[in-house]
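Below is one structure, written out as structure tokens; comments come after it.
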Amino acid sequence: MGVNLFQKLFFLLPLAYQYSPNDGSSENTDWNYDQNGADWQGICATGFRQTPIKLSVDSSLIVPLPRMYFGNYDVRLNEPLTLVNKGYTVDMTIPNTRNGQRPFISGGLLKGQYVAEGVHFHWGSPVSRGSEHVINRKRYDVEMHIVHRNTRYNDVTEALNYIDGVAVLGVMFKIVRNPNNRYPGLRKLFSAVPAIVEYGSEVELPGSMTLGQLLGDLNTSDFYTYKGSLTTPECNEAVTWTVFAQPLPISLSDISKLWILQDSNGNLIRNNYRTLQARNSRPVFYRTNKDLSDYYLG
Ligand SMILES: [Zn+2]
């Protein structure tokens, strides 16, 4: 026979490898950050609207956009709140609030309402910073992403097929020696991280919190906003990004908990940020409450 058993097996091997069994609690990751995404060909969309990019006041269109509106961000979330080690980040699915609704955002570049689906983080290592966006040439220590879905679509999977499907808030964290503000929601979340060192493990956060507590006292009136993509495979160009200009101060002891997390091979999850992408001819808008007249007068 021309096609023998060996050839059939050889053909099936890559599929078998790709779909190797896991414990079912987490998706099996067949990609990693060894090259910060430079080796994601074939699993990551390529286009002219990829994320992350460099942001700066100088290269932005300064326009009077509406401020962001945070609906139900001050209402307690239903329990349990579960933090999961996904092998490439820590992730918390956002449940309904106690009033049976969902936290949502509107404003900025967004048309309509976008409900919160999940929150996750990107970070560096003890010797490197790990934010995805770079603001005014500065890479921050950690970047938090709160992922929202346009209510026009039924779920995130469907929303990822549309240019207006998803809205992500990006929040920078900067390590400071003695933070004046210790944010209870963030502290609660980071305190739980050492319980999920192993890939696929989960932990319930104690007590309750609001989604807004993860924003601390963030200045939400100043932000960059543009059309981009997911920063993880499949890098769908479905995301309206809103990246706040000011970082939140956070302690080294909180952030260092992220550096001990392990992926599915038992390796440390570090520098889980994607390399900078070309901006191409995309407009980036900057919205601020500051009086920039001095800026224009030079
Ligand atoms: Zn992210």
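Could you report region 48-297's accessible area per residue, 1.4 Å probe, as an integer in Å²? Could you put the intermediate results ahead of the total?
On the way: 10740 Å² over 250 residues.
Ligands and nucleic acids excluded, the result is 43 Å² per residue.
Net charge near PRO206: determine it from the other residues with C-beta under 11 Å of the C-beta of PRO206, scoring Lys and Arg +1 and Asp and Glu -1. Don't jump to the answer; show the numbers that get you there.
Working: positive: LYS188; negative: GLU79, GLU204.
Neighbour charge sum, excluding PRO206 itself: -1.
Find out how many positive minus negative residues lie around ILE146, taking Lys and Arg as positive, Asp and Glu as negative, among other residues whose Cβ is under 13 Å from that of ILE146. Display every interim value, and only then the final one.
Details: positive: ARG102, ARG149; negative: ASP91, GLU117, GLU143.
Neighbour charge sum, excluding ILE146 itself: -1.
Which order do the peptides 103-113, 228-238 take when ranked by the mean count of other beta-carbon atoms within 10 Å per residue, highest first? Display every interim value, and only then the final one.
Working: 103-113: 18.8, 228-238: 21.8.
Highest-to-lowest ranking by the protection proxy: 228-238, 103-113.
Just grab the label-to-label distance for ASN180 and ASP39, each label 7 Å out from Cα along the Cβ direction, in nm (one decimal).
With each label placed 7 Å out from Cα toward Cβ, I get 4.6 nm.
Note the angle between two axes, namely the Cα long axis of helix 5-18 and the longest principal axis of the Cα atoms of the chain, as a number of degrees from 0 to 90, rounded to the nearest 10.
20
Using the per-residue mean of other Cβ atoms lying within 10 Å as a proxy for protection, in what order, highest first, do the peptides 140-148, 56-64, 32-40 fall? Spell out each step's value before the answer.
On the way: 140-148: 23.2, 56-64: 12.7, 32-40: 16.1.
Ranked by mean Cβ neighbours within 10 Å, highest first: 140-148, 32-40, 56-64.
Roughly what % antiparallel, to the nearest 5, for the DSSP beta bridges in the chain? Let's see the in-between values first.
On the way: 46 of 59 bridges.
Roughly 80 percent of the DSSP beta bridges within the chain come out antiparallel.
Counting helices only, and only those DSSP H runs with n ≥ 4, report the 222 nm mean residue ellipticity of the chain as the sum of -39,500 (n - 2.57) divided by its residues, in deg cm²/dmol to the nearest 500.
Values: 5 runs with 36 residues, N = 298.
Result for the chain: -3000 deg cm²/dmol, rounded to the nearest 500.
What percentage of all Cα-Cα pairs in region 48-297 are separated by more than 32 Å?
Values: 4962 of 31125 pairs.
Counting every Cα pair in region 48-297, those more than 32 Å apart make up 16 percent.
Only Cα pairs under 8 Å and at least 6 apart count here; give the relative contact order of region 48-297 as a rounded whole percent. Show your work: numbers first, answer last.
Numbers: 618 pairs, mean separation 71.2, N = 250.
That works out to 28 percent.
If we count every other residue with Cβ under 12 angstrom of GLN113's Cβ, Lys/Arg +1 and Asp/Glu -1, where does the sum land?
On the way: positive: ARG102, LYS111, ARG149, ARG152; negative: ASP164.
Value of the local net charge: +3.
Trypsin sites (Lys or Arg not before Pro), restricted to region 169-247: which are DSSP loop and have at most 10 other Cβ atoms within 10 Å? All intermediate terms of the calculation are to be shown ahead of the outcome.
On the way: sites: LYS174, ARG177, ARG182, ARG187, LYS188, LYS227; in loops: ARG177, ARG182.
Within region 169-247, the qualifying trypsin sites (Lys or Arg not before Pro) (loop, at most 10 other Cβ atoms within 10 Å) are ARG177.
In terms of Cα to Cα distance under 19 Å, which lysines are near enough to LYS111, apart from those fewer than 8 places away along the same chain?
LYS227
The values are calculated or read from the model by the stated rules, or taken from the named source; none is laboratory data. What you are looking at is a predicted structure, and each value in this text was computed from that prediction instead of being measured. Ideal geometry is used to build each Cβ from the backbone, glycine not excepted, and the neighbour counts take in all protein chains shown. Just so you know, the surface numbers come from the protein's heavy atoms only, side chains and all, with ligands and any DNA or RNA stripped out. Shrake-Rupley method; radii C 1.70, N 1.55, O 1.52, S 1.80 Å.
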